[in-house]
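Some notes on the structure that comes next.
We did not get these values from a lab; they are worked out from the coordinates using the rules stated. Note that the structure is predicted; figures quoted are calculated from it, not measured. Note that each Cβ is placed from the backbone with ideal geometry, even for glycine, and that neighbours are counted across all protein chains shown.
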């Protein structure tokens, strides 16, 4: 197998790649300024799936005899960071160096902001305060006593008493982490006991344990094809999460087919593109002949072409493969891969420019490669180039399962920012 080892320290650091640690270990001073900058900002591509880069950052700093400048830089950044991702990264980082006091101070400061913010503002999409305080609360309970957990429970219960809201559970993630740390039965019993002497703990107990605010869930009827067309007529865009929120994925099959037929019958290119854009997941697969999608790819409208090509990734056919080869469409070529396409596909992959904003859809391409079980050389290309550590984790897991994991990756995986990758290697799951 060819060795296209990536030695770009900047890229490796952003990716959270353990090879960055091995490079720095040879000559830490060479990378001092870049590591110092790393203490101010996290480059995690998707914190939901990856966690943060904090553990790699901590390992890098431990390479220096005097760690104070790095830690102080992180502490200062933590005081003023307003972005959710940065707050999580830096709190993880500081806890690695037992700086609980800094995390507690920021936790208290965020509670003060919450108490000063109207509840309607807190409920707005994108307001990070509740998520921020919950994340810090979770960091503070691990390795702590029930006294610490109890104080946090009272803080949350006090907020419930102040707002009087009973429309949703704001701290269910925190509660599940309490169960992980202290045990399910022990957690419930402890909170119940605490609630007998504390009104705040009682509010938390009723809200997050008993959930006596929760109404009986009634699932709304899914929209019809006409309903969806009416939404588009207002100018509203529907993508991704809207399919779930509005219940489009639960439409009857005849309604999904009717909606697709509307795309066929209309002369409105924008409406056609909007309708096709909904058929992009296993829950919403294009229900008519794929020949429509292939023909629309050539109509010259960029948005329609993109929607059709995305919808086509859910299919395999000689016609799609022929289109992919003719247009050098990488996602469709991956989905319709044949062994004779190997050199062409690898050549196209090597031309893809990787950027922080995923302007070239490189993340989708990497996910398709791991999903489609392509040959090892393509998995290694993902490992070397991706900025997403979760994609890298999928590659490591697949190569271990295949029994073809390259030995040259073993040591660097032990230092990867993704703790699950470290666990895979330490667990010795290769054949």
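Once the mean 1/r over all distinct Cα pairs of the chain is inverted, what Kirkwood radius in angstroms do you read off? Its Kirkwood hydrodynamic radius stands at 25.0 Å. Calculated mean residue ellipticity, 222 nm, the chain: -18000 deg cm²/dmol, from DSSP H runs (n ≥ 4) at -39500 (n - 2.57) each, averaged per residue and rounded to 500.
Based on alpha-carbon centroids, what's the gap between the range 381-431 and the range 260-284 in Å, whole number please? When both Cα centres are located, 39 Å separates them. Per-peptide packing, taken as the mean over residues of other Cβ atoms within 10 Å, places 85-94, 349-358 in the sequence 85-94, 349-358 from highest down. Direction-averaged projected area, Cα convex hull, the range 93-161: 4.9 nm², rounded to one decimal. By other beta-carbon atoms within 10 Å, ranking 17, 11, 207 with the fewest at the front produces 11, 207, 17. Taken along its principal axes, the alpha carbon cloud of the range 9-210 reaches lengths of 58, 35, 28 Å, longest axis first. Extension gain for the segment residue 270 to residue 6, taken as residue separation times 0.36 nm less the Cα-Cα distance, is 90.8 nm to one decimal. Of the residues 280, 346, the one with the fewest other Cβ atoms within 10 Å heads the list, and the complete ranking is 346, 280. Rg over Rh for the range 219-315 works out to 0.93, using Cα positions for both radii and the Kirkwood form for Rh. Debye-formula intensities of the range 1-124, expressed as log10 I(q)/I(0) at q = 0.13, 0.14, 0.17 Å⁻¹, are -0.57, -0.65, -0.87 (one equal scatterer per alpha-carbon, no solvent). With the largest listed first and rounded to whole Å, the semi-axes of the equivalent ellipsoid of the range 354-431 from the Cα gyration tensor are 21, 14, 9. Taking the inverse of the mean 1/r over every pair of distinct Cα atoms in the range 288-431 gives a Kirkwood hydrodynamic radius of 16.5 Å.
For the range 52-119, the Kirkwood estimate of hydrodynamic radius, built from reciprocal distances between every pair of different alpha carbons, is 12.7 Å.
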